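The values are calculated or read from the model by the stated rules, or taken from the named source; none is laboratory data. Keep in mind it's a predicted model, so treat the numbers as computed, not measured. Please note: Cβ atoms are built from the backbone with ideal geometry, for glycine as well, and neighbour counts cover all protein chains shown.
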Amino acid sequence: MNAAFRMNMRNILVVAILGFLFWYLSQENSSENYRAGESTRTSEGPTKANSTDIDWNDAELRWLGYEQGMQELKTTGKNGMLIIYADWCSTCKSYSKLFRNDDAVTELHDVVLIRVDKDDRPDISKLYDYDGEYVPRTFALDNNGDTLNLMPPHKKKYSYFLPADNLRYLVKFARKLKSVR
């Protein structure tokens with residue numbers, strides 16, 4: 001190889017390594033800040049979240065933390081939907097947009113909605129790791145907090161993954177959840 005080609009390849013390699021290091025360090029710093037308690041959620045569940053959190057349509061839907069949600073299931077006798085997600089998950093961000101749709105909001109009003117960030121509550125995430133700790137995972141719960149198998153899984157490998165781009169599936173899931181007693 002000629003000298004100019006080797007010099008060019010070396011420069012490309014150096015830029016790639018520096019780019020990777022910059023990206024890696026920025027991920028580490030944001031992760032440390034997040035874990036250091038900059039989130040505005042409490043262990044009892046979601047509250048008004050900071051700007052880096054996902055918009056799950058808290059204005060129109062009543063989301064509860066795990067303990068509150070389990071208590072609400074028992075108190076009201078309603079069935080519930082538990083979503084385990086992570087703020088850093090791009091699929092979770094896409095999935096959350098479904099909850100802003102009018103049809104979804106309408107169908108979910110008589111359902112106890114429970115949301116758990118797997119990074120804030122690894123204990124809950126592990127409790128529901130039936131087929132892995134991937135995110136998002138969506139579970140149908142009866143009024144005792146037990147998991148229901150309402151519909152055939154959308155994906156064979158990830159049974160609790162609801163498609164982030166399929167509003168009809170979410171609406172059908174919610175309707176079926178409300179109809180089970």
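If you scan the stretch 143-161, which residues turn out to be part of a loop (DSSP other than H, G, I, E, B), at pLDDT 90 or above and in contact with a helix residue (DSSP H, G or I) (Cβ under 8 Å, 6 or more places away or on another chain)? Asn143, Asn144, Gly145, listed by residue number.
Could you tell me whether any residue of the stretch 171-181 is out of contact with any His (no Cβ under 8 Å at 6 or more places or on another chain), in a strand (DSSP E or B) and at pLDDT below 95? Spell out how you get there, then give the answer.
Start the filter on the stretch 171-181 by keeping residues that are out of contact with any His (no Cβ under 8 Å at 6 or more places or on another chain), which leaves 171-181.
Checking the rest, the ones that are also in a strand (DSSP E or B) come to none.
Looking through the stretch 171-181, none of the residues is out of contact with any His (no Cβ under 8 Å at 6 or more places or on another chain), in a strand (DSSP E or B) and at pLDDT below 95.
Checked against the criterion of being touching a Gly at 6+ places or on another chain (Cβ under 6 Å) and outside any loop (DSSP other than H, G, I, E, B), the candidates Ile114, Ile124 yield just one match: Ile114. Of everything listed in (1) closer than 26 Å to Lys74 by Cα; (2) touching a Ser or Thr at 6+ places or on another chain (Cβ under 7 Å); (3) in a loop (DSSP other than H, G, I, E, B), the single unmet condition for Asp165 is (1).
Against the definition (modelled with pLDDT of 55 or more and farther than 17 Å from Asp146 by Cα), how does Ile114 come out, yes or no? In short, no.
Evaluating Gly45 against the criteria (1) surrounded by 14 or more Cβ atoms within 10 Å (Cβ to Cβ); (2) assigned by TED's automatic domain parsing to the domain that holds Asn143; (3) at pLDDT below 95 leaves one unmet condition, (2). For the stretch 135-157, the set of residues classified as exposed (fewer than 14 other Cβ atoms within 10 Å of the Cβ) and either touching a Cys at 6+ places or on another chain (Cβ under 7 Å) or more than 25 Å from Glu72 (Cβ to Cβ) (or both) consists of Pro152, Pro153, Lys155, Lys156, Lys157, listed by residue number.
Suppose we filter the stretch 115-153 for residues that are touching an Asp or Glu at 6+ places or on another chain (Cβ under 8 Å) and within 24 Å of Asp87 (Cα to Cα); how many remain?
Residues of the stretch 115-153 touching an Asp or Glu at 6+ places or on another chain (Cβ under 8 Å): 117-119, 125-126, 148.
Those left that are additionally within 24 Å of Asp87 (Cα to Cα): 117-119, 125-126.
Number of matching residues: 5.
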